[in-house]
Amino acid sequence: MNTLKIGWIGLGNMGNPMVQNLLKAGYNITVYNRSKDKESPLIALGASSATSPAELIKSCDVVITMLSNDAAVKEVFENKNGLLATKNPGKLIINMSTVAPETSRYLAEKCLENELNFIDAPVSGSVKPAQDGTLVILVGTSKANFEIAKPIFDILGKIAIHVGEAGVASSAKLAINYLLGLNLQGLAETILFAEQNGVAKEDMLSIINEGACGNGITKIKGPSIINDAYPAAFALKHLVKDLGLAKDAGLDSPLIHPLYDSYFSAQQEGLGEQDVMAIISSLRKKD
Ligand code: NAP
């Protein structure tokens, strides 16, 4: 039995499988989710439930947040029943949501004022790696905090890379998601160009994935392109958020602006809740 008591806030597409892996590893977990129905499957697997973030932190040594965006994370930290509402000196909070580097530094500062320890720990990898415990975890914190959290990261991911202090990991996360956005935009444009010239999408996917241009993400997204069905693993609205955060953090390269506009336009067309690969549906309409 692992002795650290963990509190988990945010049971969306990522949080749910990550908690399942910690339960399987023998951790004592208390969960909190805004929509209570998402807690039930985890309670059935042995988790306890808390009525608020403030109540949750009281009974835990470590609290992990996995929430949509900066506003959600700030709300969970700062509202009247939030993590900072009561004194809990010495406890550790790990934010694994993707947020602005500035938000991570702000949260680290707030935790310091409240005698709490803080880790900025966004993840690279989607629902399947979350289920398999093979996420890549980007860690921004002190060496001492990293050592405390390492056994937890070892369950959730295949590697945890300590990149610096809080904020640096969020910057690394925005950088890798820029590359993700470029990859998927490129994949979608390539498939559509090939189709317009008589190449079946199945054949084009084989050409990509059997050659040097294939990579992990082009392989993962192949089946959804073939079936033309995009249930969210990584919702398109989250990539729009991340590319916007990258721009706000100073990314001003030749491709970021058209890339952001393309995903933003797909979101405006109602594709925000679909998987990010639904960018191909948006581009197809514009052919
Ligand atoms: P998701 O499925 O949309 O889940 C979001 C979670 O945040 C839900 O538990 C939701 O609660 C909660 N939430 C949203 N607003 C809230 C608020 N104001 N107060 C309290 N709770 C709130 O998101 P996800 O796909 O799990 O992603 C979570 C984070 O990981 C995001 O920052 C995303 O960018 C990042 N990420 C995602 C992936 C991926 O492939 N999905 C990969 C890497 C990183 P309700 O259930 O009540 O809505």
Query raised in the report: Where q = 0.18 Å⁻¹, what log10 of I(q)/I(0) comes from the Debye formula for region 102-236, counting one point per Cα?
Result: -1.00
Query raised in the report: Along region 20-29, what does the Karplus equation 6.51 cos²θ - 1.76 cosθ + 1.60 (θ = phi - 60°) give for ³J(HN,Hα), rounded to whole Hz, x for Gly and Pro?
Result: 4, 5, 5, 5, 4, 7, x, 6, 7, 10
Query - As computed over region 164-269, the Cα convex hull volume per residue (Å³) - result: 128 Å³
**Report entry** Whole-number accessible area per residue in Å² for the chain, which is evaluated in the context of all protein chains at 1.4 Å
**Finding:** 45 Å²
Report task. Heavy atoms only, probe 1.4 Å: what % of the accessible area of the chain goes to carbon and sulfur, would you let me know? Result -> 55 percent
**Report entry** Cα-based convex hull volume of region 172-226 per residue, rounded to whole Å³
**Finding:** 72 Å³
Report task. With all distinct Cα pairs included, what does the Kirkwood hydrodynamic radius of region 1-112 come out to in Å, to one decimal, could you say? Result -> 13.9 Å
Query raised in the report: Mind checking the dipole of the chain: about its Cα centre, +1 per Lys or Arg Cβ, -1 per Asp or Glu Cβ, Debye to the nearest 20?
Result: 640 debye
Query - Estimated [θ] at 222 nm from DSSP helical runs (n ≥ 4, -39500 (n - 2.57)) normalised by residues in the chain, nearest 500 - result: -15500 deg cm²/dmol
Report summary line: At 37 °C and 0.692 mPa s, the Stokes-Einstein diffusion coefficient in µm²/s for region 53-178, with hydrodynamic radius from the Kirkwood sum on alpha carbon pairs, is 229 µm²/s
Query raised in the report: Given Leu184, Pro151, Gln196, which one lies farthest toward the positive end of the charge dipole of region 76-201, if we put +1 on the Cβ of every Lys and Arg and -1 on the Cβ of every Asp and Glu?
Result: Pro151
Report summary line: Per residue convex hull volume, Cα only, region 209-287, in Å³ is 118 Å³
Query raised in the report: Under a GNM of the chain (C-alpha, springs under 10 Å), which listed residue has the highest mean-square fluctuation: Asn209, Asn21, Asn197?
Result: Asn197
Report task. Beyond 30 Å, what share of the Cα-Cα pairs of the chain is found? Please give it as a whole percent. Result -> 32 percent
Query - Residues whose placed amide H lies under 5 Å from that of Ala160, excluding near-sequence neighbours - result: Ile137
Report summary line: Sorted by chain and number, the residues with a modelled amide H under 5 Å from that of Ile94, at a separation of 5 or more or across chains, are Val63, Ile64, Thr65, Ile119
Query raised in the report: For region 1-19 and region 221-239, what is the separation of their C-alpha centers, rounded to whole Å?
Result: 25 Å
Report task. Please state, rounded to one decimal and in Å, the Kirkwood hydrodynamic radius that region 102-168 gives when every pair of distinct Cα atoms enters the mean of 1/r. Result -> 12.2 Å
Report task. With springs only between Cα atoms under 10 Å apart, run a GNM on the chain and tell me which of Leu255, Leu42, Leu205 wobbles the most. Result -> Leu255
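The values are calculated or read from the model by the stated rules, or taken from the named source; none is laboratory data. Values in this document were obtained by computation on a predicted structure and should not be read as measured data. Counting neighbours? That spans all protein chains shown, and the Cβs are built from the backbone with ideal geometry, glycine included. Ligands, DNA and RNA are stripped out before the accessible areas are found, and what is left, the full protein with its side chains, is counted by its heavy atoms. Shrake-Rupley method; radii C 1.70, N 1.55, O 1.52, S 1.80 Å.
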